[in-house]
Amino acid sequence: MRTGLYFSILILLSACTRRNVETITIKGSDTEVNLVLQLAEAYMDSDLDVSVNITGGGSGVGIAGLLNGNTDVANSSRDINPYELTLAAERGVAVVPFVFAADALAIICHPSVPLDSLILKDLGKIFSGEIQNWQQLGGSNAKVSLYGRQSNSGTFMYFRERVLGKDYDPGIKQMNGNAQIIEAVKADPNAIGYIGFGYLTDESGALRDGIKVIKLAKMKGQNAISPLDKAGIKAGLYPLTRPLYQFTNGEPRGKILAFYEFEKSPFGQSIIAKNGYLPASEAGLANNSRQ
Amino acid sequence: MKRRLFWDIFFEKALKAAAWVSVLTLAGIFLMLLINSVRAFETISFAQFFSGTAWNPAAYGEATYGIGAMLFSTFLVTLGAMLIAVPLGIGTAAFLSEIASPRVRNILKPAIEMLAAVPSVVIGFLGIVLVAPALAKLFNLPHGLNALNGAILLAVMALPTLISVMEDAIHAVPKSYKEASYALGANRWETLVRVTLPSCTSGILVAIMLGLGRALGETMTVLMATGNAAAMPHGFFDSVRTITATVAIEMGEVPFRTPHYYSLFACALILFLITLLVNVAAERIAAGYRRKGQ
């Protein structure tokens, strides 16, 4: 967020020194802001006649900005909802989605939890508190210890919407961020938590020590897939991949289209992969639409 | 002559204005909290807010605004902190004032005061990486992110205030009291416990109140170290979420001018009133103490 702010100021300042520069304003998701920033930085190196101005604030803020006409592109880590669509129709805004990358959530446990895979329904029961003891899933007699994010996190909302369909167990420990969840899960032998897929591995791409990644299946009878299984994710078999959207008013044209093309290019996709996100082509999103 | 008079009056007014700035700020904060809190009760009933125990404004279904569990959590952590800090504080203060040689005292006192300069995030960080695993091991718990962890850290943070004020109080006990005690054949321990400490009870109470205020309002440390579970705790080994942590977590992303937004002001107002009460109590005790001393 902070870097985002500084960077936008920097871009604004540099825009003052250039002439005939076209500005693209992008607003929205905090999950996407740093990634889009890196993409825009690389894109601006290749095209000096464009200046991209990016701010965060959350997916809802981006979509509201698009509806109010004060942003060109809205970043969103969720799809536009029916209420926003009615608003768009009333205001004559034709919302066009573009998926430029994807993100997967990983379920992690302490290595001593006797569990390797879960179906989505049981995962939901664990986090909503219907399953309170590992014994209920064939483990030892120990109370499940839940770790998640705080309610200001988009991931908190996505996970609740997609997996629980109801409230979290009130006993869930709400941590400050992904890194804190990992540290807590490492230390707690009965722990289970969710984190962004990018946090599973360290800089060299190796799985972090002291955690176990749980394989997930959409329903009983299906093969459980690890979020580290690239082929499985590409085939759309991992249930917790979510598309990262960019919305425009009407079909993208001119510099916005050029920026989209850059994001789709091998160079753009390599930036996405380097930042711990999934290139859209490898996320198998077509087979993994929301239910 | 006229010029001198002008500057004299000018500075008197300027200093008076400076003193009023802090009073007006306090009044302004109180008013702002009050006005925004009142709006919360347009949609949330008093009964739900004060007697409810479930705080879940971002609920999947209907939002609930019960402050009970948070209030109890705040008291639990603060009480724990005081149970740890008060005996330690009295012991340290008595040692510093009555037993330690000037050389030891000159090293110890600044060191204790330095403790107050450690930023609360650093203490919180130590809570996560050091105290929590130690507690888990010691009490055979799955994790150490609980009320006890928060209490220990808050005790550490309240200690400098406690010790400093208590030491002053013990030091202020007239020498003649102690001399009388020694003359009657009491040893140093008996003099300390039977004479010196009882005669500065109100000073010690003031110290406890100030430490209490410090612990009640602390945010970052408890936010990091207590696990932030919204459920009603059953004891020191449960994760808790205090009022301060809730306001800090939720204020950042709450949509403005919604019941949730106003309810956070109401939480802050409750906290403000509690700390105000504690501080006023400390002030009253101190005033009584001064009168008695004269």
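Would you mind listing how long chain A runs along its three principal axes, going by Cα atoms, in whole Å with the largest first?
69, 45, 32
Which Cα, out of B:GLY52, B:ALA111, B:ILE35, lies furthest along the positive dipole direction of chain B (beta carbon charges, K/R +1, D/E -1)?
Result: B:ALA111.
Within 10 Å, count the other beta carbons around each residue, average over each peptide in B:104-115, A:258-269, A:93-104, and list them highest first. List each step's numbers first, then the result.
Details: B:104-115: 12.9, A:258-269: 17.0, A:93-104: 18.8.
Ranked by mean Cβ neighbours within 10 Å, highest first: A:93-104, A:258-269, B:104-115.
Quick one: net charge around A:GLN174, please, counting Lys, Arg +1 and Asp, Glu -1 for every other residue with C-beta under 11 Å from its C-beta.
Values: positive: A:ARG149, A:LYS173, B:ARG241; negative: B:GLU250.
Taking every other residue near A:GLN174 into account, the sum is +2.
Give me the net charge of B:LEU96's neighbourhood, meaning all other residues with Cβ under 14 Å from the Cβ of B:LEU96; Lys, Arg count +1, Asp, Glu -1. Display every interim value, and only then the final one.
Values: positive: B:ARG103, B:ARG105, B:LYS109; negative: B:GLU98, B:GLU113, B:GLU167, B:ASP168.
With Lys, Arg at +1 and Asp, Glu at -1, the neighbours total -1.
Report Rg (one decimal) and Dmax (nearest whole number) for the stretch B:5-78, counting Cα atoms only, units Å.
For the stretch B:5-78, the Cα radius of gyration and maximum Cα-Cα distance read 21.1, 70 Å.
Take every Cα pair under 8 Å in chain A that's 6+ residues apart, average their separations, divide by the length, and report that relative contact order as a whole percent. Display every interim value, and only then the final one.
Working: 545 pairs, mean separation 69.2, N = 291.
Normalised by residue count, the contact order of chain A is 24 percent.
What percent of all Cα-Cα pairs in the stretch B:46-291 falls into each 10 Å bin, going from 0 up to the bin containing the maximum distance?
Going out from 0 Å in 10 Å bins, the stretch B:46-291 shows 7, 27, 29, 21, 11, 4, 1, 0 percent.
Evaluate peptide B:56-66: per residue, the Cβ atoms of other protein chains within 10 Å of its Cβ; return the mean as an integer.
On the way: counts 4, 1, 8, 5, 9, 2, 1, 0, 1, 0, 0.
For this peptide, the per-residue mean of nearby foreign Cβ atoms is 3.
Does anyone have the angle between helix B:201-217 and the longest principal axis of chain B? Alpha-carbon axes, 0 to 90°, nearest 10?
Compared with the principal axis, the helix lies near 30 degrees.
Based on Cβ point charges of +1 for Lys and Arg and -1 for Asp and Glu, what charge dipole magnitude is obtained for the stretch B:46-291 about its Cα centre, in debye rounded to the nearest 20? Kindly include the intermediate steps, with their values, before the conclusion.
Numbers: 14 positive and 12 negative charges, 136 e Å.
Dipole of the stretch B:46-291, to the nearest 20 debye: 660 debye.
Once the protein assembly as shown is represented by equal point scatterers at the alpha-carbon sites, with solvent omitted, what log10 I(q)/I(0) does the Debye formula produce at q = 0.05, 0.06, 0.08 Å⁻¹?
-0.30, -0.42, -0.71
In degrees between 0 and 90, to the nearest 10, how far off the longest principal axis of chain B does helix B:259-293 point, with axes built from Cα atoms?
Here the helix axis deviates by roughly 10 degrees.
Under the rule of at least 5 residues apart or a separate chain, name every residue whose amide H is placed under 5 Å from the amide H of A:MET175.
Under 5 Å from the amide H of A:MET175: A:GLY148, A:ARG149, A:GLN150.
Across peptide A:165-173, how many C-beta atoms of other chains are within 10 Å of each residue C-beta, on average?
Numbers: counts 1, 3, 8, 6, 3, 10, 8, 6, 11.
Averaged over the peptide's residues, the number is 6.
What percentages make up the Cα-Cα pair-distance distribution of the stretch B:39-177 when the bins are 5 Å wide from 0?
2, 9, 13, 14, 13, 12, 12, 9, 6, 4, 3, 2, 1, 0
Would you work out the charge dipole size for chain A about its Cα centre, treating the Cβ of every Lys and Arg as +1 and the Cβ of every Asp and Glu as -1, and quote it to the nearest 20 debye? Mind showing how you got there, number by number?
On the way: 28 positive and 28 negative charges, 127 e Å.
The calculation lands at about 620 debye.
From the mean inverse distance of alpha carbon pairs (Kirkwood) and the Cα radius of gyration, derive Rg over Rh for the stretch B:150-294. Don't skip to the answer; put the middle values down first.
Numbers: Rg = 20.6 Å, Rh = 18.0 Å.
With Rg and the Kirkwood Rh in hand, the quotient comes to 1.15.
Given the options B:ALA93, B:LEU24, B:PHE75, identify the residue whose Cα lies farthest towards the positive end of the charge dipole of the stretch B:16-128 (+1 on Cβ of Lys, Arg; -1 on Cβ of Asp, Glu).
B:ALA93
What is the dipole size for the protein assembly as shown, taken about its Cα centre, with +1 at each Lys and Arg Cβ and -1 at each Asp and Glu Cβ, in debye to the nearest 20?
Here the size comes out at about 1540 debye.
Which order do the peptides A:218-226, B:80-88 take when ranked by the mean count of other beta-carbon atoms within 10 Å per residue, highest first?
Packing proxy ranking, top to bottom: B:80-88, A:218-226.
Quick query: amide H of A:GLY56 versus all other amide H atoms, modeled in the peptide plane; which residues come in under 5 Å with a sequence gap of 5 or more or a different chain?
A:GLY28
Please compute the Kirkwood hydrodynamic radius of the stretch A:92-144 from all pairs of different C-alpha atoms, in Å with one decimal. Walk me through the numbers on the way to the answer.
Values: mean 1/r = 0.0721 Å⁻¹.
One over the average 1/r among Cα pairs gives 13.9 Å for the stretch A:92-144.
Every number in this text was worked out from the coordinates using simple rules, so none of it is lab data. A quick note: this is a predicted structure, and the numbers were derived from the prediction, not measured. For neighbour counting, all protein chains shown are included, and Cβ atoms are generated from backbone atoms with ideal geometry for every residue, glycine included.
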